[in-house]
There are 2 protein chains.
Amino acid sequence: MIARDPSSRARAGLLYTPHGIVETPAFMPVGTSASVKAMTQEQLEEIGVGMLLANTYHLYLRPGHETIRALGGLHRFMSWPRPILTDSGGFQVMSLKGLGRVTEDGVWFRSHLDGSPHFLSPEKAMEIQLALGADILMILDECVEYPSSYETTRRAMQLTGRWARRAKDYYDGELARIEDSRGSGFGVRGSQKEGTGVGGLEDEDEKLETPNSKLEAGRPKFEAGDSLRTPNPEPRIPTLFGIVQGGVDKSLRRESAAEMVEIGFQGYALGGLSVGEPKSETYDVVESTAELLPPDRPRYLMGVGTPEDLVECAARGIDMMDCVMPTRNARNGTVFTSEGKVVVKNARYARDDGPLDPACGCSVCRRYSRSYIRHLFVAGEMLAAILATHHNLYFYLDTMRKIRHAIRSGDYNKLWSRVRAAP
Amino acid sequence: MIARDPSSRARAGLLYTPHGIVETPAFMPVGTSASVKAMTQEQLEEIGVGMLLANTYHLYLRPGHETIRALGGLHRFMSWPRPILTDSGGFQVMSLKGLGRVTEDGVWFRSHLDGSPHFLSPEKAMEIQLALGADILMILDECVEYPSSYETTRRAMQLTGRWARRAKDYYDGELARIEDSRGSGFGVRGSQKEGTGVGGLEDEDEKLETPNSKLEAGRPKFEAGDSLRTPNPEPRIPTLFGIVQGGVDKSLRRESAAEMVEIGFQGYALGGLSVGEPKSETYDVVESTAELLPPDRPRYLMGVGTPEDLVECAARGIDMMDCVMPTRNARNGTVFTSEGKVVVKNARYARDDGPLDPACGCSVCRRYSRSYIRHLFVAGEMLAAILATHHNLYFYLDTMRKIRHAIRSGDYNKLWSRVRAAP
């Protein structure tokens, strides 16, 4: 670990993956169909994106995982050199109301594109993600809507547990097969269990201070003296994350967490949150569930959230988050700023020649005005979405930089209070 | 003039404007509503755009020229530091079939946005363009469709002549007013007639060779030793261009050219071409009309054309061109390459991991594959249009760089033959 904040459960670390190291807490922009909407990969690099999320469901249907495998994997296909996390596809499948049916074996669904029938099992979800060549793979889980009955939530949580074992077995088998075929040239034989983790978190008491200068850059930089202790600082194999379910019921969450830890994953996600429950419930479940997970393994809160959520959930020990909010809101004309949300397409900005956010240092705020961006929205110009997305993602990534900086400086509480005091 | 090709009428020059110098022959991307669709201004700078075209009609309706004036003019509004040419709005108004009505005074039309009635006169077109703060203004003209009768073509050509005088009078009056209000601090008093021109073209026999190194960069670079002879190398005032009409009738074109030259403009455009006539007619009219125009004034061929047209028309003495083709085709999934047009959204490119154009050095071709861009089109991702537009504009600008280089090297004929030999 790089640092642990004394006043909260927030922690800063380094996540090792086949495509490089990611500073945590990290926010992952969503690149559903192998593209973060309205952004070029150059722009994503420029604003310091450490890791992307891509959707298995969408890529499986189009262009197909076999096509991507044939083209050298997702990184090469989309020309993205940094880490990628793929979800399992389960969430999307279950969002297709009326188009999906869950069985013990897996889930039947119809494509939203052409209605064709498909079957996704825990094993198939692994097979697809391995074909895509992601750095972090997610097990197939069943995510229930909010509110759901205790019985429904428990059944889905238990099914997720059984699927988790199958996913893990398939993953272990595939890795063994890959290792056998690579022979001794494969440098990390037998290390898959200890593979990727949050850097150095195995030593609960160790706290390394690093100079602030290293925290500013978008890409992690390391120096020889950093003494980062990880089981395997350069894994060449993808990492598998389990997913804790159980809705907002703490006993079910406890049961699910215990089962996932017993199966043993390299990282643990919190699924089934931010699906409509009150925010206080989200924070409660995040806090109590995070405590149940091994401190030396990364914790990923799926599908969260607002800029405030980033600060609140990092304070509860979360290392990774993703959300479509910054990109989707941008396309709808809403931008996040240091002064709160701004609906830039509103008429009141027609002659406002200030930047989207006076406190922001992004290239959009340095060059373009609210009046211009408002005009672009009204005129239906693509550049509207391009500029608003660029700013919003920069704002999210900058919030993460501030979070990491505050943790490493030991004054997370100040940042946290500011967020809580905001209107 | 920098150079004149011995084997054709092609010429290379420098166009001085209030926002800098443009190397000619120049291609101007079209930024209809103060945005070149799918491109950021940073990307336009990166690929070496020298001058943009913006549409007066669209900006007048939305956000309105008074709004843009209040925000400091078009350059500041859209954050574009390099030159901008605005059309007069006439072409768009007359394209609104059934929505416009031409009178001696001007043209009545209804907004395509809300049906509201508007009137555009030669004076009003000047007023709007001056409010926008463009570097090069175009007179209001009447452009007829192809084919049109001799009578219709002549009537429109003659009306354009009368409108041209009114535009020039208004422009002269406004400039005098501006100069008066600025007093002696205004550095170019009385120079509007001699203002902007193609650099040094007043000396027909002079031919300056410049080192090739200076031709490569997107932005013009000049050294003290260049001895560029222009009447006014640093004009602070916008330039007014006349427009020669007359359809494909050479006698009408001759009459129109004579009238425009008699009125006296700082540059001359050829309007009413590329509206459906056979390509050989376009080239014929361009060649014969260009001959009638003063050699020391820039010649602008409006709305042309394909990459081949650029080479063919530069060979006939054209200095400036604009067209929506590279941007519009890009959004439809068609890209221009050294091997001809490629419809990249076709299924045949689904597993083609080569670049759009193997001979292209643009950042899209250096990073992304046909298979990826094809996928983006099929998936409806905005990045498809972004990447294809970027490449197409680069291809056009690169063609212009090759044209300028060939002229200055004295081997334009080689380039021209290659284009003619292409399939």
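Points worth noting:
- When the listed pairs A:Lys37/B:Lys341; B:Lys168/B:Lys402; A:Lys250/A:Lys402; B:Lys345/B:Lys414; A:Lys124/A:Lys279 are checked against a 28 Å cut-off, the alpha-carbon distance exceeds it for B:Lys168/B:Lys402; A:Lys250/A:Lys402; B:Lys345/B:Lys414; A:Lys124/A:Lys279.
- Protection proxy ranking, highest mean first, for peptides A:113-121, A:147-155, B:391-399: B:391-399, A:147-155, A:113-121, where packing is the per-residue count of other beta-carbon atoms within 10 Å, averaged.
- Label distances, nm, B:Glu339 versus same residue in remaining copies, Cβ-directed 7 Å point: 5.3
- Taking amide hydrogens as placed 1.01 Å from N in the peptide plane, the amide H of B:Val107 sits under 5 Å from those of B:Leu120, B:Ser121, each at least 5 positions away in sequence or on another chain.
- Across the options B:Thr239, A:His118, A:Gly247, the greatest Cα extent toward the positive end of the charge dipole of the protein assembly as shown (unit charges at beta carbon of Lys, Arg, Asp, Glu) belongs to A:His118.
- Rounded to the nearest 20 debye, the dipole size of chain B about its Cα centre is 1140 debye, using +1 on the Cβ of Lys and Arg and -1 on the Cβ of Asp and Glu.
- Separation of alpha-carbon centers, segment A:54-100 and segment B:306-377, rounded to whole Å: 28
- Chain B shape via C-alpha gyration tensor axes, a/c threshold 1.5: rounded
- Copy-to-copy label distances for B:Arg101, where each label lies 7 Å from Cα along Cα-to-Cβ, are 6.5 nm in order of increasing length.
- Calculated mean residue ellipticity at 222 nm for chain B: -12000 deg cm²/dmol, from DSSP H runs with n ≥ 4 weighted as -39500 (n - 2.57), summed, divided by the residue count and rounded to 500.
- Residue-level result for chain A: its Cβ closest to the axis carrying A onto B, with that distance in Å, is A:Met382, 3.
- At 7 Å out from Cα toward Cβ: A:Ser181 inter-copy label distances (nm, ascending): 7.5
- Under a 5 Å amide H cut-off, with hydrogens placed 1.01 Å from N, A:Gly410 pairs with nothing among residues at least 5 apart or on other chains.
Read-outs throughout are calculated quantities, based only on the coordinates presented, and are distinct from any laboratory measurement. Keep in mind that what you see is a predicted model, and the values were worked out from it rather than measured. With ideal geometry, Cβ positions are generated from the backbone for all residues, glycine too; neighbour counts draw on all protein chains shown.
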